[in-house]
Amino acid sequence: MKVLVWNENRHEKIEPKVTEIYPGGLHGYIAGILRTDDIEVKTATLDDENCGINEDVLKETDVLIWWGHMCHGEVPDEVVDLVQKYVLEGMGLILLHSAHHSKIFKRLMGTTCNLKWRDRARERVWTIKPNHPIAQGVDETFVIDPEEMYGEPFDIPNPDEIIFMGWFNGGEVFRSGCTWTRGHGKIFYFQPGHETNRAFHNKNVQTIIKNAVRWACPLKKNIEIPCPNPEPLENV
Ligand code: ZN
């Protein structure tokens, strides 16, 4: 399985706290969680040539993980077009935390993806679909403290599945782990992961990301989606 971890990598350049918590940047840290015998992990960042994304890279990617926050607008539309094409043809896509406002997520959802937010809160995550592949080995409930509060209403189309729900100590609730399919591609959005908190150090969060990569990995990718006008097979 081949995974590409894409990270904006800008907070890391201006806030020492971020690299203190995530040595090697968020991309480096998340790649380290995933790197095992049967998973080949590469990373790419916004400041790489063409954001580190082109046809050759995506052809070799089964699952793309996306973390972005303050520079979503700097991702060229051509890159978004390309990622969308590969998702529709089967590539898995996992969007973490503030990737809810990434161009690619908004493109695939077709909505604003707006939500409520507030810095620093205590979050209790609930696993509400324990039989789902992404929830295997994950506790029924666990706490992330601190985490940024993301609250409903979350302007997304109805998910195929809601696997995790978040509750925050301000009283807000959030659909923290949701799936969709677009074309042949599987998509998972997961809310924890603010850059100055330690959510990716949490064992449950790590298990969820590892499970999500396996769940989103296509059996077959680069499946063209044609629009044919065939002759009938039967003449009855
Ligand atoms: Zn955040």
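The values are calculated or read from the model by the stated rules, or taken from the named source; none is laboratory data. Note that the structure is predicted; figures quoted are calculated from it, not measured. Every residue, glycine among them, receives a Cβ derived from its backbone with ideal geometry; neighbour counts consider all protein chains shown. Just so you know, the surface numbers come from the protein's heavy atoms only, side chains and all, with ligands and any DNA or RNA stripped out. Shrake-Rupley method; radii C 1.70, N 1.55, O 1.52, S 1.80 Å.
Quote the charge dipole size of the range 73-179 about the Cα centre in Debye, to the nearest 20; the model charges only the Cβ of Lys and Arg (+1) and of Asp and Glu (-1). Each step should come with its number before you reach the end.
Numbers: 11 positive and 17 negative charges, 31 e Å.
Using Cβ point charges on Lys, Arg, Asp and Glu, the range 73-179 gives about 140 debye.
If you add up the charges near Lys210, with Lys and Arg at +1 and Asp and Glu at -1, over every other residue whose beta carbon is less than 12 angstrom from its beta carbon, what do you get?
+2
State, to one decimal in nm, how far the label point of Asn131 lies from the label point of Thr36, with both points 7 Å from Cα in the Cβ direction.
It is 2.4 nm.
With springs connecting C-alpha atoms under 10 Å apart, model the chain as a Gaussian network and identify which of Leu219, Leu26, Leu108 has the largest mean-square fluctuation.
Result: Leu219 has the largest fluctuation of those listed.
Which value, in Å² and to the nearest 10, is the accessible area of Arg118 when all protein chains are kept and the probe is 1.4 Å?
100 Å²
If I compute solvent accessible area with a 1.4 Å probe over the protein chains, what percent of it on the range 1-58 is carbon and sulfur?
Details: 1290 of 2740 Å².
Answer for the range 1-58: carbon and sulfur cover 47 percent of the accessible area.
So if we plug the beta-carbon distance of Asp139 and Cys227 into 1/(1 + (r/R0)^6) with R0 = 45 Å, what FRET efficiency do we get, rounded to 0.05?
Values: r = 46 Å, r/R0 = 1.02.
With R0 = 45 Å, the Cβ-Cβ based efficiency is 0.45.
Would you please classify the overall shape of the chain from the alpha carbon gyration tensor, given that a ≥ b ≥ c denote the square roots of the eigenvalues, rounded means a/c under 1.5, and beyond that prolate means a/b larger than b/c while oblate covers the rest?
Details: a/c = 1.69, a/b = 1.37, b/c = 1.23.
Note, shape of the chain comes out prolate.
Roughly how many debye, to the nearest 20, is the charge dipole of the chain about its Cα centre, given +1 on each Lys and Arg Cβ, -1 on each Asp and Glu Cβ, and no other charges? Walk me through the numbers before you get to the answer.
Details: 26 positive and 35 negative charges, 127 e Å.
The dipole magnitude comes to about 620 debye.
Run through every distinct alpha carbon pair of the range 101-212 and return the Kirkwood hydrodynamic radius in angstroms, one decimal place. Intermediate values should be presented prior to the final figure.
On the way: mean 1/r = 0.0702 Å⁻¹.
When all Cα pairs of the range 101-212 are included, the Kirkwood radius is 14.3 Å.
Can you give me the C-alpha center-to-center distance between the range 36-61 and the range 184-236, rounded to a whole angstrom?
16 Å
Could you check the spin-label model distance between Glu55 and Trp117? Points 7 Å from the Cα along Cα→Cβ, value in nm.
It works out to 3.5 nm between the two label points.
In the neighborhood of Ile39, defined by Cβ-to-Cβ distances under 10 Å, what is the net charge if each Lys or Arg adds +1 and each Asp or Glu adds -1? Walk me through the numbers before you get to the answer.
On the way: positive: Lys2, Arg35, Lys210, Arg214; negative: Asp37, Asp38, Glu40, Asp62.
Taking every other residue near Ile39 into account, the sum is 0.
Ignoring everything but the protein chains, give the 1.4 Å probe accessible area of Met165 in square angstrom, nearest 10.
The value for Met165 is about 50 Å².
Just the number please: accessible area per residue for the range 55-204, 1.4 Å probe, all protein chains included, in Å².
Values: 5960 Å² over 150 residues.
That works out to 40 Å² for each residue.
Picking from Gln84, Gly52, Thr36, whose Cα lies most toward the positive end of the charge dipole for the range 34-92 (charges on Cβ: Lys, Arg +1; Asp, Glu -1)?
Thr36
Which ³J(HN,Hα) values, rounded to whole Hz and listed in residue order, are derived for the range 208-221 from phi using the Karplus coefficients 6.51, -1.76 and 1.60 in 6.51 cos²θ - 1.76 cosθ + 1.60 with θ = phi - 60°, glycine and proline given as x?
In residue order, the calculated couplings are 4, 5, 5, 4, 5, 4, 5, 5, 7, 5, x, 5, 8, 10 Hz.
Per 10 Å bin, what percent of the C-alpha pairs of the range 1-85 does each bin hold, from zero upward?
Result returned by the calculation: 17, 50, 29, 4.
Ignoring any ligand, DNA or RNA, what whole percent of the accessible area of the range 60-190 comes from carbon and sulfur when the probe is 1.4 angstrom?
Result for the range 60-190: 49 percent of the exposed heavy-atom area is carbon or sulfur.
Could you tell me which residue out of Pro228, Asn211, Tyr189 lies farthest along the dipole of the range 170-236 toward its positive end? Charges go on the beta carbon: Lys and Arg +1, Asp and Glu -1, centred on the Cα centre.
Asn211
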